[in-house]
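Asker: This is the structure I have questions about; it appears just below.
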Amino acid sequence: MSGYRFDRLRLLVIDDNAYMRKLISTILRAFGVANVYEADSAKAAWQAMRDVNPDVLFMDWMTDGKSGIELVRMIRTSAASPNPFVPIIMLSGHTQLGRVQEARDAGCNEFLAKPVSVNSIMTRLISVIENPRPFVRTKSYFGPCRRRREHENYLGPERRAAESTATATESNPFDAVA
């Protein structure tokens, strides 16, 4: 399947549907993940995070007690959060653009549409391992950087200062006369 060794990972699968939990857990174990933990509610997930400190979360949009989005926000922003930096892969059968954006804006690293496939689970797991995005903190957001692509013309954080200096010089006709 891949050259990865997942035997040291601790993964937490959060879904109120027992069938989906077992399906995801079985797929992860087939990859070689020895430590797969399950939670059927937000409360159980919070406790499992404290008990096992998982390396990655697979979380359903809807869980008993709280929505998956509320749990993501709690994980990312609560002072009591065991690990606000844990990679979170959101699972949902609702794949409208608004839902995907809401998951991203809550702090999810990846979004996975149900029904899931073995390949899609593997791809997302490898993505959060190989391509971890830096975390960003603003007044209204804490989580992985929401930008996915590096633009080839990006000149760094001070790019606007260089642009404004060049524009000011070029637009002043009196500079050329002196």
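Asker: If you stretched the chain out fully between Arg137 and Lys22, how much longer would it get, using 0.36 nm times the residue separation minus the C-alpha to C-alpha distance?
Answerer: 37.9 nm
Asker: Which shape class applies to segment 10-144: rounded if a/c is under 1.5, otherwise prolate when a/b exceeds b/c and oblate if not, where a ≥ b ≥ c are the square roots of the Cα gyration tensor eigenvalues? Mind showing how you got there, number by number?
Answerer: Working: a/c = 1.33, a/b = 1.23, b/c = 1.08.
Note, shape of segment 10-144 comes out rounded.
Asker: Here is a further query. Sorted by packing (mean other beta-carbon atoms within 10 Å per residue), highest first, where do 14-20, 56-62 land? Don't skip to the end; give the middle numbers.
Answerer: Working: 14-20: 17.1, 56-62: 23.1.
So the peptides 14-20, 56-62, ranked by packing, come out 56-62, 14-20.
Asker: Could you order the peptides 125-136, 87-98 from most to least packed, using the average number of other C-beta atoms within 10 Å per residue?
Answerer: With the highest mean Cβ count within 10 Å placed first, the list reads 87-98, 125-136.
Asker: Out of Ala39, Asn83, Pro115, whose Cα points farthest toward the positive end of the dipole of segment 1-120 (charges: +1 Lys, Arg; -1 Asp, Glu; placed on Cβ)?
Answerer: Value computed over the given set: Asn83.
Asker: Let me know the charge dipole size of segment 10-144 about its Cα centre in debye, to the nearest 20, where only the beta-carbon of Lys, Arg (+1) and Asp, Glu (-1) is charged.
Answerer: 260 debye
Asker: Lysines within cross-link reach of Lys22: Cα-Cα under 26 Å, excluding same-chain residues under 8 positions apart?
Answerer: Reachable lysines: Lys43, Lys66, Lys114.
Asker: Show me, for segment 114-127, the HN-Hα J-couplings you get by feeding each phi into the Karplus relation (A = 6.51, B = -1.76, C = 1.60, θ = phi - 60°), rounded to Hz, glycine and proline as x.
Answerer: Along segment 114-127, the couplings run 8, x, 7, 10, 4, 4, 5, 5, 4, 4, 5, 4, 5, 4 Hz.
Values in this text are rule-based calculations from the coordinates and carry no lab data. As the structure is a computational prediction, the values presented were derived from the model and not from experiment. No Cβ is skipped: glycine too gets one built from the backbone with ideal geometry, and neighbour counts run over all protein chains shown.
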